[in-house]
Amino acid sequence: MTGGTQNEFFLGQQPIVGRKRELVAYELLFRSSRVDRTLVIDDVYATASVIKNAFSGLGIDTALGKRMGFINFDERLLMSDVIEAMPKNRVVLEILEHVPMTPRVVDRCQLLRTAGYTLALDDVVRLTDGLKAVMPYISFVKVDVSVLKEPQITSLVHELKGYGVKLLAEKVETAEQFEFCHAMAFDLFQGYFLARPTIITGKSVQPSTLQLLKIFRLIDTNAETGELEKALRQAPDLTVRLLRVANSVAMQRPHKIYSLQNAILVLGQKQIARIVQIMLFAQQWDADLNTDPLVQTAAVRGRLMEEIADSLGLSKVRDRAFLVGVLSLADSLFGQSLFDILDILNLDTALHEALLHRRGHLGALLNLVEASENADSRTFISVARELGLSDMDDFNRWQVDALRWAGSL
């Protein structure tokens, strides 16, 4: 069985090496199963899936480690503001070979280069007038050595060297090809002779298209932060993804994320709109999924913990309570250990302590809700006493309200 379950996603990760065969970067590739081959018939969908799975599904450090990532872009995505959701210091925008180098595209490449993005040309076999026009804004040129004879490679290399770009020999499939390209002073190398792509997988949880469109419309109409936060609370899976991206685009931030509202302010509405747009692109071919019971449970937990905190006068942890409830099921939602997920997210110490060690008021609230779900009356009574909760009717009412709220999503 080569495919995965309906909820799995797959990502190809092919090494790019230097002249000493040291690992320099990865190309991130669209894959639809564990088999290392996929027919790509929609470049927008493929790239959007790679972006979504690499940066919000796995997290940038899981997908790339400390290396750069080359990601394919066709004309539509190259011209869109989706690019601005990418961390400039971690990605190379690899322009596909069939993108026409029109004046509009060349101007876009100049703008991106000026803004600090790194650009590469894919599958170059000859230097056309269109490619010559865009070369001043290009940092890497990937030469497809599998379809060129040695004299053609020699001629192309001499022509490209005058532009001061780094040359990458791609589709290197034999030792002879590698040795020849090495002698031709290529800077980087990629191909099956060096390493086949590794297929990495995770569990994909899809926010509904309607939810994504609703959030996109709110941003488009300049909705208040509180209104946007309310909409995001109805999509716990998207909330986790946004937290991951908030960390990847703001790694140098001195303050840690402590609430959903804080994450919205860190990202900004424009950035959230780009992330939602990527997810809409990536879902355009996906089959409709039934509502995931784990997502429902995460929503109930978040809402219930928030209600309890509010009613018990724990106003200082109210916003954090919702986030802890949602994140407490992130390991099941995304098929990774909670420790690894929290390592990716830039959360404050109180959230870490609550989620990993059940410490503090937040940890006690999570213990209480989990004990209720597991019908663990001994733990429930003990934690309720610790929190000062004496009336079980109150808890039952909060639980019904949380269930009603989650059921209305």
Just need a number here: residues in the range 112-166 that are basic (Lys, Arg) and either crowded, with 19+ Cβ neighbours inside 10 Å or outside the structural domain of HIS182 (by TED's automatic domain parsing) (or both). 1
Flagged in the range 160-173 as of a type outside the set (Phe, Trp, Tyr), part of a loop (DSSP other than H, G, I, E, B) and under 16 Å from ALA185 (Cβ atoms), in numbering order, are GLY162, GLY164, VAL165, VAL172
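For the range 145-163, state whether one or more residues are of a type in the set (D, E, K, R) and within 26 Å of ILE83 (Cα to Cα). Explain how you work it out, then say what you get.
Within the range 145-163, the first condition is being of a type in the set (D, E, K, R), and the residues that meet it are 149-150, 159, 161.
Right, trim to within 26 Å of ILE83 (Cα to Cα) and you get none.
Looking for residues that are of a type in the set (D, E, K, R) and within 26 Å of ILE83 (Cα to Cα), one finds none in the range 145-163, hence no.
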Check whether at least one residue in the range 387-406 is of a type in the set (Asp, Glu), farther than 15 Å from ALA299 by Cβ and modelled with pLDDT of 90 or more, and report yes or no. no
Among the candidates LEU368, LEU351, LEU342, single out the residue that is assigned by TED's automatic domain parsing to the domain that holds ILE264 and either farther than 18 Å from ILE257 by Cα or not in a helix (DSSP H, G or I) (or both). LEU368
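I want to confirm something. Restricting to the range 98-143 and keeping residues that are acidic (Asp, Glu) and free of Cβ contacts under 8 Å to residues at least 40 places away in the same chain, which single residue is farthest from PHE178 (Cα to Cα)? Before you say what the answer is, go through the steps one by one.
Going residue by residue through the range 98-143, those that are acidic (Asp, Glu) are 107, 122-123, 129.
Next, only the ones that are free of Cβ contacts under 8 Å to residues at least 40 places away in the same chain stay: 107, 129.
On the way: ASP107: 35, ASP129: 29 Å.
It comes out as ASP107.
Can you tell me which residue among VAL141, VAL147, VAL157 is part of a strand (DSSP E or B) and modelled with pLDDT of 85 or more?
Details: VAL147 fails: part of a strand (DSSP E or B); VAL157 fails: part of a strand (DSSP E or B).
When all the criteria are applied, what remains is VAL141.
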Could you list, in sequence order, all residues of the range 81-91 that are modelled with pLDDT of 80 or more and surrounded by fewer than 19 Cβ atoms within 10 Å (Cβ to Cβ)? LYS88, ASN89
Of the residues that sit in the range 256-285 and are more than 13 Å from the chain's Cα centre (by Cα) and among the charged types (D, E, K, R), which one is modelled with the lowest pLDDT? LYS256
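If you check LEU389 against the conditions, is it among the hydrophobic types (A, V, I, L, M, F, W, C) and assigned to a helix (DSSP H, G or I)? Full working, then the answer.
Values: among the hydrophobic types (A, V, I, L, M, F, W, C): yes; assigned to a helix (DSSP H, G or I): no.
Against the criterion (among the hydrophobic types (A, V, I, L, M, F, W, C) and assigned to a helix (DSSP H, G or I)), LEU389 does not qualify.
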Can you name the condition, by its number, that ASN53 falls short on among (1) crowded, with 24+ Cβ neighbours inside 10 Å; (2) modelled with pLDDT under 70? (1)
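Just a yes or no: is a residue in the range 190-198 modelled with pLDDT of 95 or more and among the hydrophobic types (A, V, I, L, M, F, W, C)?
no
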Give me the pairs, please: first residue somewhere in the range 166-184 and in contact (Cβ under 8 Å) with a residue 60 or more places away in the chain, second residue anywhere and in a strand (DSSP E or B), beta-carbon distance under 6 Å, and either six or more positions apart or on two chains. LEU168/PHE140; LEU168/LYS142; LEU168/LEU188
Would you please list the contacts, defined by Cβ atoms under 9 Å and residues six or more apart or on different chains, that run from a residue in the range 308-333 that is more than 11 Å from VAL240 (Cα to Cα) to a residue that is surrounded by fewer than 16 Cβ atoms within 10 Å (Cβ to Cβ) and of a type in the set (Lys, Arg)? ALA309/LYS316
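The values are calculated or read from the model by the stated rules, or taken from the named source; none is laboratory data. Note that the structure is a prediction, hence the values are computed from the model and not measured. Please note: Cβ atoms are built from the backbone with ideal geometry, for glycine as well, and neighbour counts cover all protein chains shown.
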